[in-house]
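Student: The structure that follows is given in the form of structure tokens.
Each value in this text was obtained by applying a stated rule to the coordinates, not by laboratory testing. Everything numeric here is computed off the predicted structure, so don't read it as measured data. Using ideal geometry, Cβ is built from the backbone for each residue, glycine included, and neighbour counts are taken over all protein chains shown.
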Amino acid sequence: MKFSLFRKLSQFSIRQQLFIVYIPLIFLSSVLVGLYLVVDSTNQLTANYQYLADLNAQRVKSVLFDTTNTLYNNVFSLSNDTELREILSTELTDEIEVMQLIDQYNAIDEIRNYQTSIAALTIYSTNEHLPNNYRFIQVANEEIQASEWYQRAMTQSNAFLYTQPDEAGMNHLSLIKILPLPLSEEKAVLEIRLDFNYLRNRLRNNSYYLELQLNDDVIFYSDHLTRVGEAVSLTLDDDYQEFYQDRAIVATNTLAVNNRDDMIYIYSADFEAYDNLLSNIYRWATIVIVVLLTTFLVIALFARFFTNRIRKLQLAVYHASIEDYDFFQNINGEDEISQISIDFHVIIQRIKKKEEEIYQAKLAKQELITQQQQMEFSILAGQINPHFLFNTLETIRMTALTSGNTDVAYAIRLLATSMRNTLKTHGTQLISLEEELDALHVYVKIQRLRFGDRVNFSYFVSNEIDQTQAMLLPLLIQPLVENSITHGLEGITHPGYIRLNIIKKDDFIEITVQDNGVGIAQADLLKLQEKIMTPSTTSQKNIGLANVNHRAKMFYGDECGLTISSVENVGTSVVLIIRDQTYLEQTTKNDVNSL
């Protein structure tokens, strides 16, 4: 099917093929990406607008919580006011004495003066001895006593919220509670009416439309005054709800008041959200259309330019196919296609020549590295006569054993083993990690004979590393341990500890040698790091570290080598990074195959 499609595509001209490819690749992909961006950005904006509307509803809830708490606190204060109880229970018949008693009571005036959220504070009482004064006390007549809120107050000891219209017909939220008169047969009901303008100033937000409703009662607050007193809420009004869904994003919240019987419903709507969402859709649609028109124009121009070049190349290939070499001569130096053919042939020849030179250079470099390593190993081991040295050491050891001095014999045997390991690696490019650790153990034993318990050594090798298969340059680890003993533990009075950790990290092996010795001062550490970067043939101090770093970089690459960190009087840590030899061998094979 794939080849059939390409075969059908090849039946069209190059220009037609470009437009055929343009439709699924650019046109459809641009449309799909555009639709995705429109949907995704619209969903994100909708979620953001919904979040902001929810946030505004939560803000309104907080304001209502503070406001209703203030009303409840005032009701609680008046319910426990003994002076007010005396007034409501009075049996004085003299009107002057009653007025004097009322004038001396100023708690109601203080509440009305200091609480701006209160529009009216009224006490309805059945005490006929009290005057019908709307500022303080209002005699409850039969109409009031028959009202729903009054009857509820008579049967309910807790305060409750209620919505009812004022004298002008505007619905307000009121807090109603019966006042306890335990020593009197009289009844008294307290009403605190919430000020509508106070709510409007605290709650109004020009970005959002707000409505408040108590339980399933009429709306007692709305930014549109015509909605105040409506009997059906936003969630139950199908027409109004449809109006919201088409043009606004609505957030709802609820506030359970102190008595837990009443619930205030909060509706916060953003009428500008959908206009902004439509603007976002129009903006992305415009961008997609502009991209489609621009890409179509570019494709059209490119198709014309490209097909003209193809026709010239086709003509050149045709003359070459009929062995019209004079044609190439005629266009040589003048025709671009012919010059490209000649230049490409020259480039191929140059590339082959360059690859051959690179291959020879790599072989020469590898041979130089091998000679350098052999020379360095020869310097380490070739300065003494090994056969004479072994014979001499064996003679001394046998003499010590004959004399019964086993400690001397043991020390000589360790020294001979160490020299044998050194000579064994002479001329060897790589040894196993196991062999390197065996030689290191012999060296540490010799040092313990010299320093005793001042030198304590332990090591850890990760299970990921096969000690018999992991190959590395000889004499890489021992100089690091030797440096820790010679310089790190020199002069300490407490037991010295050296820890060797060998772990694998990706294609590299990390070798860390830590000691708890004297450490290195910061200034000396900087100088030491600088010396290690350049191996010296004259300086005898730290030359082992410099040579290890130089050999590691020369053999494994510049990304490998030594790093040193130290804290004075705490200890020193030396980290050697080398490449995993298995990976190195595979890389070398690939390089050779590529050449």
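Student: Could you give the length gained by full extension between ASP40 and HIS224, i.e. 0.36 nm per residue of separation minus their alpha carbon distance, to one decimal place?
Tutor: Details: separation 184, 0.36 × 184 = 66.24 nm, distance 3.39 nm.
Length gained, ASP40 through HIS224: 62.8 nm.
Student: Separate question: Would you mind getting me the FRET efficiency between LEU430 and ASN48? Use the beta-carbon distance for r and R0 = 51 Å, nearest 0.05.
Tutor: On the way: r = 64 Å, r/R0 = 1.25.
Calculated value: 0.20.
Student: Still on this structure, I have one more. If you take the square roots of the eigenvalues of the alpha-carbon gyration tensor of the range 44-101 and sort them as a ≥ b ≥ c, do you get rounded (a/c under 1.5), prolate (a/b over b/c) or oblate?
Tutor: prolate
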